[in-house]
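J.: Just dropping this structure here.
The values are calculated or read from the model by the stated rules, or taken from the named source; none is laboratory data. Computed from a predicted model, the values in this text were never measured in an experiment. Don't worry about glycine lacking a Cβ; one is built from the backbone with ideal geometry, like all the others, and counts go over all protein chains shown.
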Amino acid sequence: MNAVSETSERGLIEAARQDPARFGELYELHFDRVYAYVSRRIGDRDAAQDVTSEVFHHALANLKQFEWRGAPFGAWLMRIASNAITDRWRRQNRESGQSSEIEAVSKEPSPEDVQHRAKLFALVRALPDEQRRVIEMRFAEEKSVREIAVALGKTEGSIKQLQFRGIQKLREEVGSSARGKSSESNA
């Protein structure tokens, strides 16, 4: 586990069991990874947000049943996410009147793919506010430059500039982390 040690995570879980308001720390710790996993499998932003919300709601409601069995808390959340996605597909299948099992929309993402998406979400959140908002609206919400300009009260040119700078900053961050990994592997 990169972000927090198992001992620290156990402490967070125990604190959340005593006071559910403390669950927010676990949520913050695992949100990017769970959302990346769900969004990769579902492909629809609104549905991915709904399922991710269901995952954390279920985890909070069943936190007292969580037991350490050699797998980290994040693995438990991923299992909940996988089950929530399957349940959603089955519900959609029943509602559409189909009798056969629905196959996965996409192949099972690799742990590296999930980790990469989680890092990308974190990098986007670290952008300056205006750049972050433009990137989110442009790529997550799939809005046009004109729609973003109207929503933010800016010119289309300034939106394009904010988008360019945000993407440039993301490329630099991804490039520097890739260079860091290659120098680690050469050591």
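J.: Is one or more of the residues making up region 10-26 under 16 Å from the mean Cα position of the chain (by Cα), at pLDDT 85 or above and farther than 17 Å from GLU67 by Cα?
T.: Yes, region 10-26 contains at least one residue that is under 16 Å from the mean Cα position of the chain (by Cα), at pLDDT 85 or above and farther than 17 Å from GLU67 by Cα.
J.: For region 27-40, which positions are out of contact with any Ser or Thr (no Cβ under 6 Å at 6 or more places or on another chain) and surrounded by 14 or more Cβ atoms within 10 Å (Cβ to Cβ)?
T.: Step one: filter region 27-40 for residues out of contact with any Ser or Thr (no Cβ under 6 Å at 6 or more places or on another chain), giving 27-33, 36-37, 39-40.
Those that are out of contact with any Ser or Thr (no Cβ under 6 Å at 6 or more places or on another chain) and surrounded by 14 or more Cβ atoms within 10 Å (Cβ to Cβ): TYR27, LEU29, HIS30, PHE31, ASP32, ARG33, ALA36, TYR37, SER39, ARG40.
J.: Let me ask something else about it. Tell me the residue from GLY74, GLY24 that is surrounded by 12 or more Cβ atoms within 10 Å (Cβ to Cβ), under 22 Å from LEU120 (Cα atoms), in contact (Cβ under 8 Å) with a residue 60 or more places away in the chain and not aromatic (Phe, Trp, Tyr), please. Quick ask: steps written out before the conclusion?
T.: Details: GLY24 fails: in contact (Cβ under 8 Å) with a residue 60 or more places away in the chain.
Answer to the selection: GLY74.
J.: If you go through region 79-111 one residue at a time, how many are part of a helix (DSSP H, G or I), among the hydrophobic types (A, V, I, L, M, F, W, C) and modelled with pLDDT under 85? I'd like the intermediate steps shown before the answer.
T.: Let us first name the residues in region 79-111 that are part of a helix (DSSP H, G or I), namely 79-96, 111.
From the residues that got through so far, the ones that are among the hydrophobic types (A, V, I, L, M, F, W, C) too are 80-81, 84-85, 89.
From what's left, modelled with pLDDT under 85: 89.
Total meeting the criteria: 1.
J.: May I pose another question? What are the pairs, 6+ residues apart or on separate chains, where a residue within region 141-154 that is under 12 Å from GLU130 (Cα atoms) and surrounded by 12 or more Cβ atoms within 10 Å (Cβ to Cβ) has its Cβ under 9 Å from a residue that is at pLDDT 90 or above and among the hydroxyl-bearing types (Ser, Thr, Tyr)?
T.: Hits for this filter: ALA149/THR155; ALA149/SER158; LEU152/SER158.
J.: OK, next. Which numbered condition in (1) at pLDDT 75 or above; (2) under 23 Å from THR52 (Cβ atoms); (3) touching a helix residue (DSSP H, G or I) at 6+ places or on another chain (Cβ under 7 Å) is the only one that VAL114 fails?
T.: Of everything listed in (1) at pLDDT 75 or above; (2) under 23 Å from THR52 (Cβ atoms); (3) touching a helix residue (DSSP H, G or I) at 6+ places or on another chain (Cβ under 7 Å), VAL114 misses just condition (1).
J.: Mind listing whichever residues of region 56-78 are at pLDDT 85 or above and not in a helix (DSSP H, G or I)?
T.: ASN62, the sole residue that qualifies.
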